[in-house]
Amino acid sequence: MERTGGRGVRRAFLALAVAVATLTAACSGEIEGELRSEGEIAGLPITHFESGLRTSAPKPRLNVENVSSEEDDRLAVAAIADVSAFWKEQFPRHFGEQFQPVSRLLSYDSTTDDINVCGATTADVAMNAFYCPPEDLVAWDRGTLLPLLRQRFGPMAVVTVLGHEFGHAVQYRLGAKAGISEQTSTIVKEQQADCFTGAYFRWIAEGHSQYFEVSTSEGLNQVMASLFFIRDSPGQSHAAAGAHGTAFDRTYAFQLGFETDAAKCAAIDQADVDSRITERPFDPDDAGMGDISVNDQTLGMLQQSLDESFAGAGVPGPKIVNQGASCPNGVSTPPASYCQDSNTVSIDMAALAELGQPIDREAELTGRESGGGLGDFAAFAEVVSRYVQGIQVGLNVPVDNANAGLRTACLVGAWTAAIDHDGALLRPSPGDLDEAIAELLLPRSLIAADVNGHPAVNGFARIEALRQGYLNGSGACSAEYP
Ligand SMILES: [Zn+2]
């Protein structure tokens, strides 16, 4: 977050309040049309099983240079064979040509190998996976990167990364058909590759893959967590040479591919990216580089910001009180609880302050235990998620039905966008949306939880709900999550 000290509330936020008010009508009336619900993920049933290589998977017949017999190479080679099969089928369907297999595949161990490749050595590129256009080569580090991804997130994280690199090979084959030229920015290419990965995962989730199976709950969570892990650091410009996007941007592209198809991915261009990308540098006046502490003073500012924002709802907003997150006559959902009796958000200030510590990127990369800080925005957004319970209760909107958790995440997203303007008392800073995503990936997420602290089960759906609200405003929250 960033404190600007400014005053004044942009009118757009009134739209949120008004749209929240219309929730009542939407919920009591008959609902028609296609609705998102807890019961499905982009039209597929929510499934729970162990995702990964099928026991019945065929033995891939591929020529891979320097390949080993290690588990990570088995997984990687199967992923390449699988994504090749996907494109062999889908490429002609969407683009009217046969798919040409990738010319070279290379496995290397960044801890021991030093192989000349693509104008560098594998020791230089180290822990990485990449596509090299001049050599039409996909390479991966089986020594550090793949085991780290697999051990930390699960096998589908490896499939995600290789699906992405393969996506670059697809994009170079498409060339002008995907708008790719020498001038195409990195971020456009990266967004396309993430989107192609999403289209490929849809195909796996629908059961077409001979090699892999992925559940739409824990399996897709592995994908979300790995996209979060490989996000750019906050404050980078999306115009930078190596920009890959924030976790918010990357999950957007993946979900677009998962929900549409490869043709939509190829249509991602600079204008599209410029219109929605969230990656941007820090404001030069932002002394805290996106971090403010969680304390009495900043929570007072949050209270004021929320009260002003929701004034249009015409119901009394809850008061934030430091009472240990307990509700004497209701359910406590620490570190912040909405207490209906008193119309308060009861918080545990110390716990929120700890949650609000910046993410320890070093610990995240090395897998070392850290204090568990997810950033100031994660802490503030948890409080906001409880505040919107009070507004909805005031408007007679059910805060414990099946969609309540996702609607909450959506409203938090809508609020985030609504305070992102000059003159706002508190304003989101680069990295904040990713801090919300980090929170949404916790099993106990409060941002995507109903009034009783029960979170929506699915990480994919939680992230999508946040984005719905952020991009489309609170009207989308009532429409999509009645
Ligand atoms: Zn890439």
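Looking at (1) within 15 Å of the ligand (Cβ to nearest atom); (2) within 14 Å of ASN66 (Cβ to Cβ); (3) in a helix (DSSP H, G or I), find the lone condition where ALA123 falls short.
(1)
What number goes with the only condition from (1) open to solvent by 10 Å² or more (accessible area, probe 1.4 Å); (2) under 21 Å from ASN63 (Cβ atoms); (3) part of a helix (DSSP H, G or I); (4) not charged (D, E, K, R) that TYR131 does not pass?
(3)
I need every pair where a residue in segment 348-359 that is within 10 Å of GLY324 (Cα to Cα) has its Cβ under 6 Å from the Cβ of a residue that is open to solvent by 70 Å² or more (accessible area, probe 1.4 Å), sequence separation at least 6 or different chains.
ASP348/PRO334; MET349/ASN322
Quick one: is THR216 within 30 Å of GLY375 (Cβ to Cβ), within 16 Å of the ligand (Cβ to nearest atom) and among the polar types (S, T, N, Q)? Break it down into steps so the answer makes sense when it comes.
On the way: within 30 Å of GLY375 (Cβ to Cβ): yes; within 16 Å of the ligand (Cβ to nearest atom): no; among the polar types (S, T, N, Q): yes.
So THR216 does not fit the description; no.
Could you check segment 235-272 and list, in sequence order, the residues that are closer than 25 Å to LEU149 by Cβ, open to solvent by 50 Å² or more (accessible area, probe 1.4 Å), more than 14 Å from the chain's Cα centre (by Cα) and at pLDDT below 90?
Across segment 235-272, the qualifying residues are GLN236, ALA241.
Give me the helices (runs of 4 or more DSSP H) completely within segment 155-242, filtered to those with at least 2 residues that are more than 26 Å from LEU466 (Cα to Cα), ordered by residue number. It would help to see each step written out before you state the result.
Values: elements: 155-174, 186-205, 218-229.
By residue number, 155-174.
Hey, any hits in segment 411-429 for a residue that's part of a loop (DSSP other than H, G, I, E, B), open to solvent by 10 Å² or more (accessible area, probe 1.4 Å) and among the acidic types (Asp, Glu)?
yes
Which condition number in (1) within 10 Å of the ligand (Cβ to nearest atom); (2) in contact with a helix residue (DSSP H, G or I) (Cβ under 6 Å, 6 or more places away or on another chain) is the one that SER209 fails?
(1)
Are any of the residues in segment 179-189 hydrophobic (A, V, I, L, M, F, W, C), more than 15 Å from the ligand (Cβ to nearest atom) and in the same structural domain as TYR108 (by TED's automatic domain parsing)? Walk me through how you get there before you give the answer.
Just the residues of segment 179-189 that are hydrophobic (A, V, I, L, M, F, W, C), to begin with: 180, 187-188.
Remaining after also requiring more than 15 Å from the ligand (Cβ to nearest atom): none.
Taking every residue of segment 179-189 in turn, none turns out to be hydrophobic (A, V, I, L, M, F, W, C), more than 15 Å from the ligand (Cβ to nearest atom) and in the same structural domain as TYR108 (by TED's automatic domain parsing).
Is there a residue in segment 221-228 that is more than 13 Å from the ligand (Cβ to nearest atom), more than 14 Å from the chain's Cα centre (by Cα) and not β-branched (Val, Ile, Thr)?
no
Please enumerate the residues belonging to segment 156-178 that are within 12 Å of the ligand (Cβ to nearest atom) and touching a helix residue (DSSP H, G or I) at 6+ places or on another chain (Cβ under 7 Å). Before you say what the answer is, go through the steps one by one.
Taking segment 156-178 and keeping what is within 12 Å of the ligand (Cβ to nearest atom), we get 160-172.
THR160, VAL161, LEU162, GLY163, HIS164, PHE166, GLY167, HIS168, VAL170, GLN171, TYR172, listed by residue number.
Is it true that GLY245 is in the same structural domain as ALA379 (by TED's automatic domain parsing), within 15 Å of LEU433 (Cβ to Cβ), outside any helix (DSSP H, G or I) and among the small types (Gly, Ala, Ser)?
Details: in the same structural domain as ALA379 (by TED's automatic domain parsing): no; within 15 Å of LEU433 (Cβ to Cβ): yes; outside any helix (DSSP H, G or I): yes; among the small types (Gly, Ala, Ser): yes.
No, not satisfied.
Are there any pairs, at least 6 apart or on different chains, whose C-beta atoms fall under 6 Å, with the first in segment 69-82 and outside the structural domain of ARG150 (by TED's automatic domain parsing) and more than 11 Å from GLY163 (Cα to Cα) and the second among the acidic types (Asp, Glu) and assigned to a helix (DSSP H, G or I), and if so, which?
Listed pairs, sorted by first residue: none to list.
State the number of residues belonging to segment 163-215 that are within 13 Å of GLN255 (Cα to Cα) and of a type in the set (Ser, Thr, Tyr).
Total satisfying the criteria: 2.
Do the conditions hold for GLU435, that is, is it outside any loop (DSSP other than H, G, I, E, B), among the acidic types (Asp, Glu) and farther than 24 Å from MET301 by Cα?
Values: outside any loop (DSSP other than H, G, I, E, B): yes; among the acidic types (Asp, Glu): yes; farther than 24 Å from MET301 by Cα: no.
Considered against the rule, which asks whether it is outside any loop (DSSP other than H, G, I, E, B), among the acidic types (Asp, Glu) and farther than 24 Å from MET301 by Cα, GLU435 comes out as no.
Counting only residues that are of a type in the set (Asp, Glu) and within 23 Å of GLY235 (Cβ to Cβ), which one in segment 273-297 is surrounded by the most Cβ atoms within 10 Å (Cβ to Cβ)? Full working, then the answer.
To start, the set of residues in segment 273-297 that are of a type in the set (Asp, Glu) comprises 274, 279, 283, 285-286, 291, 296.
Then drop every residue that is not within 23 Å of GLY235 (Cβ to Cβ), which leaves 274, 279, 283, 285-286, 291.
Values: ASP274: 13, GLU279: 27, ASP283: 16, ASP285: 8, ASP286: 19, ASP291: 21.
For segment 273-297, the residue satisfying everything is GLU279.
Criterion first (of a type outside the set (Asp, Glu), assigned by TED's automatic domain parsing to the domain that holds ASP272, in contact (Cβ under 8 Å) with a residue 12 or more places away in the chain and touching an Asp or Glu at 6+ places or on another chain (Cβ under 6 Å)) does ALA199 satisfy it?
Working: of a type outside the set (Asp, Glu): yes; assigned by TED's automatic domain parsing to the domain that holds ASP272: yes; in contact (Cβ under 8 Å) with a residue 12 or more places away in the chain: yes; touching an Asp or Glu at 6+ places or on another chain (Cβ under 6 Å): yes.
So ALA199 passes the test.
The values are calculated or read from the model by the stated rules, or taken from the named source; none is laboratory data. Everything numeric in this text was worked out from a predicted model, so none of it was measured. Cβ: placed from backbone, ideal geometry, glycine included. Neighbour counts: every protein chain shown. When the accessible area is computed, the model is the full protein with side chains, heavy atoms only, and any ligands, DNA or RNA have been set aside. Shrake-Rupley method; radii C 1.70, N 1.55, O 1.52, S 1.80 Å.
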